[in-house]
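J.: This structure is in structure tokens; I'll ask about it shortly.
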Amino acid sequence: MAGVDEVIRQWVEKVERTGEIRNVPGFGEPFKFNDGFLETPTELRMAYKILKDAGYVPAEVEMVQRLATLREQLDATRGEAEQRALRIKIAELQQKVAMMLEAMRGQR
């Protein structure tokens, strides 16, 4: 029975022969670590990886995504009262994110 390394080697040889791998975005370029894995504290990496693979994101990431949505809504809003309400929501959420990130820094 072939070991894992042998199975991987055979698969790589097959996709190189067929040219299938050349269609993958980023083929032939250095790997870019832009998913935040290296910036994540070591003790949280496995838990965050499991959550990410299951389709969940950490609370602070969800808040940052919510901030982006609120900013887009603010840009699209013309009413002064609505803009003011959105600015207040944005400021409150920014404060929560800052507090969460500061708490994480303190745990390191």
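What follows draws every value from the coordinates through simple rules; no lab data is involved. On a predicted model such as this, the values are computed, not experimentally measured, just so you know. When we count neighbours, we look across all protein chains shown, and the Cβ atoms used for this are built from the backbone with ideal geometry, even at glycine.
J.: Taking a temperature of 20 °C and a viscosity of 1.002 mPa s, what whole-number D in µm²/s does Stokes-Einstein yield for the chain with Rh from Kirkwood over alpha carbon pairs?
T.: It diffuses with D of about 118 µm²/s by this estimate.
J.: Taking θ as phi - 60°, what are the ³J(HN,Hα) couplings along the stretch 88-99 by the Karplus curve (6.51, -1.76, 1.60), each to the nearest whole Hz, with x for Gly and Pro?
T.: 5, 4, 5, 4, 5, 5, 4, 5, 4, 4, 4, 5
J.: List the lysines whose Cα lies under 27 Å from the Cα of Lys49, skipping any in the same chain that are fewer than 8 positions away.
T.: Here the lysines satisfying the reach criterion relative to Lys49 are Lys32, Lys96.
J.: Going by C-beta contacts inside 10 Å, put Tyr56, Tyr48 in order with the fewest on the left.
T.: Exposure proxy ranking, most exposed first: Tyr56, Tyr48.
J.: Could you work out which residue, out of Lys14, Lys89, Lys49, moves most in a Gaussian network model of the chain, that is, has the largest mean-square fluctuation with Cα springs under 10 Å?
T.: Between Lys14, Lys89, Lys49, it is Lys14 that shows the largest mean-square fluctuation.
J.: Which one of Val15, Phe27, Ala54 is farthest out on the positive end of the charge dipole of the chain, using unit charges on Cβ (Lys, Arg +1; Asp, Glu -1) and the Cα centre as origin?
T.: Most positive-ward Cα: Ala54.
J.: Shifting gears a bit: By the scheme Lys and Arg +1, Asp and Glu -1, what is the net charge of all other residues having a beta-carbon under 15 Å from that of Glu20?
T.: That sum, taken over residues with Cβ under 15 Å, equals +1.
J.: Still on this model: Could you identify which residue out of Thr42, Thr77, Thr18 has the top mean-square fluctuation in a GNM of the chain using Cα springs shorter than 10 Å?
T.: Thr18
J.: Pick from Glu13, Glu62, Glu29: which residue has the top mean-square fluctuation in a GNM of the chain where Cα pairs under 10 Å get a spring?
T.: Judging by the Gaussian network model, the answer is Glu13.
J.: Compute the helix-to-body angle for 4-18: its Cα long axis versus the longest principal axis of the chain, expressed 0 to 90° and rounded to tens.
T.: 90
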